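Read through the structure below, which is laid out as structure tokens, and then see the notes.
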Amino acid sequence: MRNFQAPGRSAVLAENGICATSHPLAAKVAIDILERGGNAMDAAIAGAVLLGICEPQSTGIGGDAFCLFSLPGSDEVRALNASGRAPAGFDAEAARSKGANIGLQSVDAITLPGAIDGFCRLSEDHGRLGLPDILAPAIHYAEEGVPVAPRVAFDYARAAGTLWGAGEQHYLINGTPLTVGQKFRSPGQAEVLRQVAKHGRAGFYGGEVARDMVQSLTALGGLHSLEDFSNVRCDYTDPVSGTYGPVELLEHPPNGQGATAILMLNILSQFDLAAMDPLGADRAHIEAEVAKLAYDARDRFIADPAYMTEPDRMLSMDTAKALAALIDPARALPPSLPGAAAVHKDTVYITVVDKDRMCVSMIYSIFHSFGSGLASEKYGILFQNRGAGFTLEKGHPNEAAPGKRPMHTIIPGMVRRNGRVEMPFGVMGGAYQPNGHARLLTNMEVFGMDAQSAIDAPRAFPEDGTLRLETGYSQKVAQNLANRGHDLQWSDSPIGGAQAIRIRGDGVLEGASDPRKDGIALGY
């Protein structure tokens, strides 16, 4: 039981359905959809699309999505990959001539947006209400506007300088970032969503909307074509999984980085975490070392699955044991390990469980905050910069190439216990996400925390040669970590954000939402 005299929030308990996500309005709309007879898939899509208006710096219809879901009465978990590809005309040699990496705000970083195709497919195959009803709330709020929430304003102020061209026109007010309480409106996106509601995916990947995107990109030297947009297709696939004690963690397969979380748990299983203080230096040190090694493996092996040369390496317990043997409990590994991928800080996550216990775990992103910083001229569709997740290293599995999907950081998660689906969950925060999945599960399974307490607990993350600590850690722990050779930095922003819904043994739903974001868990 949490300390009711300390700041915090209780878990949300409900029987008929819960949505947990990073903005209250999106959670409310999802519950409204459930109460109107929609299922968890309808609610998740409705909430996700609205998040692009509530949190425009984090996501939008110019981005990608991944989904894990289970159908009512089934414990089988399916996956949908709605991530886009590099355009068919992409020229890797031309990109290499511009520098060692693909520029974050360059037109070369803009891959095709896959999310809308995924939402349309999931709605058609597994929804109840249809696109007009699902998209109506987002159309309304895009037209009327949504007051900017505190965390959104915090992110706006930090990242507004990345906007350029039509991005400035559509996402700033008189050249300045929006502040708390100011309304963000996007009538152009409202019109796009009307076209999708009326025509399905053709309303986005064809006609005037697609012409707006292509013309905006080619005017800046992009090699994107109308044919590229019309050819965007999502794919159903099977999750990858691994076990940690009594639970099974299911993750979206590559090109997502979910296998990194499984590798982290496999390495962590080689250590006696239960003997450590959950907020102490020993655990923070071991977790940081595990993350360094697992992420280095990620950068070497994960790519578009059609190009992976060793697809099982990340899931192998032999790999985990070999990496665990490199860890010194008393001393930090060198701070910089070879890597190939850009990292980012912004994504949205939404999870919904309905009265029939259909579970949806969905994550939706434009990569970095405000993506590429560029929007389409007419409709203000903000383009992702997911192509910065490629490497330009020749021969690398994740080398940029025409028609190829880059390695993705966004990962929805799902937990099964004794073969039964128990918890859809996700952790936002770019590169932190696999670390966040491993930490959330070890908080719950090793240290007995409930989902809300596991989310609330302070976080640490090794990034760019430093170990970032949230302020929930003590000065004593920080000094201990410094004595082990970690280059410490108190984080100037929260590390990630998370949501989870657990189906308890008594059948009651328990929702949890991260206080690091503006959102809530809401049930009925």
Would you please list the contacts, defined by Cβ atoms under 8 Å and residues six or more apart or on different chains, that run from a residue in the range 466-483 that is touching a residue at least 60 places away in the same chain (Cβ under 8 Å) and surrounded by fewer than 14 Cβ atoms within 10 Å (Cβ to Cβ) to a residue that is outside any helix (DSSP H, G or I) and not hydrophobic (A, V, I, L, M, F, W, C)? Gly472/Pro458; Gly472/Arg459
Check whether at least one residue in the range 37-45 is surrounded by fewer than 24 Cβ atoms within 10 Å (Cβ to Cβ) and touching a Gly at 6+ places or on another chain (Cβ under 9 Å), and report yes or no. yes
Of the residues Gly127, Gly114, only one is farther than 30 Å from Asn418 by Cβ and touching a residue at least 12 places away in the same chain (Cβ under 8 Å); which? Gly114
Which one of the conditions (1) in contact (Cβ under 8 Å) with a residue 40 or more places away in the chain; (2) under 22 Å from the mean Cα position of the chain (by Cα); (3) within 12 Å of Ile53 (Cβ to Cβ) does Val148 fail to meet, given that it meets all the rest? (1)
Cβ-Cβ distance below 7 Å, separation of 6 or more or different chains: which pairs start in the range 238-253 with a residue that is within 8 Å of Ala79 (Cβ to Cβ) and end on one that is surrounded by fewer than 18 Cβ atoms within 10 Å (Cβ to Cβ)? Pro253/Thr237; Pro253/Asp238; Pro253/Pro305
Could you check the range 101-133 and list, in sequence order, the residues that are under 20 Å from the mean Cα position of the chain (by Cα), part of a loop (DSSP other than H, G, I, E, B), under 22 Å from Cys234 (Cα atoms) and not hydroxyl-bearing (Ser, Thr, Tyr)? Ile110, Leu112, Pro113, Gly114
Are any residues in the range 35-61 hydroxyl-bearing (Ser, Thr, Tyr) and assigned to a helix (DSSP H, G or I), and if so, which ones? none
For the range 62-92, give me each residue that is within 22 Å of Ile102 (Cα to Cα) and in a loop (DSSP other than H, G, I, E, B). Gly62, Gly63, Ser83, Gly84, Arg85, Ala86, Pro87, Ala88, Gly89, Phe90, Asp91
Within the range 274-324, residues being among the aliphatic types (A, V, I, L, M), under 20 Å from Asn483 (Cβ atoms) and either touching a residue at least 24 places away in the same chain (Cβ under 8 Å) or in contact with a Phe, Trp or Tyr (Cβ under 6 Å, 6 or more places away or on another chain) (or both) number 7
Which count do you get for residues in the range 179-233 that are closer than 28 Å to Ala149 by Cβ and among the charged types (D, E, K, R)? 4
Please go through the range 12-36 and give me each residue that is of a type in the set (A, V, I, L, M), farther than 19 Å from Lys355 by Cβ and surrounded by 24 or more Cβ atoms within 10 Å (Cβ to Cβ), ordered by number. Ala26
Just to be sure before I move on: is Leu265 assigned by TED's automatic domain parsing to the domain that holds Val49, touching a residue at least 40 places away in the same chain (Cβ under 8 Å) and at negative phi in the structure I sent? no
Say whether the condition of being on the phi < 0 side of the Ramachandran plot, touching a residue at least 60 places away in the same chain (Cβ under 8 Å) and under 13 Å from the mean Cα position of the chain (by Cα) is met by at least one residue in the range 386-397. yes
Pairs returned, first residue in the range 209-221 that is in the same structural domain as Gly380 (by TED's automatic domain parsing) and on the phi > 0 side of the Ramachandran plot, second residue that is crowded, with 20+ Cβ neighbours inside 10 Å and in a helix (DSSP H, G or I), beta-carbon separation under 7 angstrom, 6 or more apart or interchain, are Gly221/Val107
Is it the case that the range 424-431 has a residue that's assigned to a helix (DSSP H, G or I), within 24 Å of Gly17 (Cβ to Cβ) and either free of Cβ contacts under 8 Å to residues at least 40 places away in the same chain or in contact with a helix residue (DSSP H, G or I) (Cβ under 9 Å, 6 or more places away or on another chain) (or both)? no
Pull out all pairs, ordered by first then second residue, where Cβ-Cβ is under 8 Å, the residues are six or more apart or on different chains, the first lies in the range 349-360 and is over 13 Å from Pro72 (Cβ atoms), and the second is part of a loop (DSSP other than H, G, I, E, B). Tyr349/Ser22; Ile350/Ser22
Spans of strands (runs of 3 or more DSSP E) in the range 134-252 with at least 3 residues in contact with a strand residue (DSSP E or B) (Cβ under 6 Å, 6 or more places away or on another chain) and surrounded by fewer than 17 Cβ atoms within 10 Å (Cβ to Cβ): 235-237
Over 20 Å from Leu382 (Cα atoms), surrounded by 22 or more Cβ atoms within 10 Å (Cβ to Cβ) and touching a strand residue (DSSP E or B) at 6+ places or on another chain (Cβ under 8 Å) - does that describe any residue in the range 116-127? yes
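The values are calculated or read from the model by the stated rules, or taken from the named source; none is laboratory data. These numbers were taken from a predicted model, which means no experiment stands behind them. As a convention, Cβ positions derive from the backbone with ideal geometry for all residues, glycine included, and neighbour counts pool all protein chains shown.
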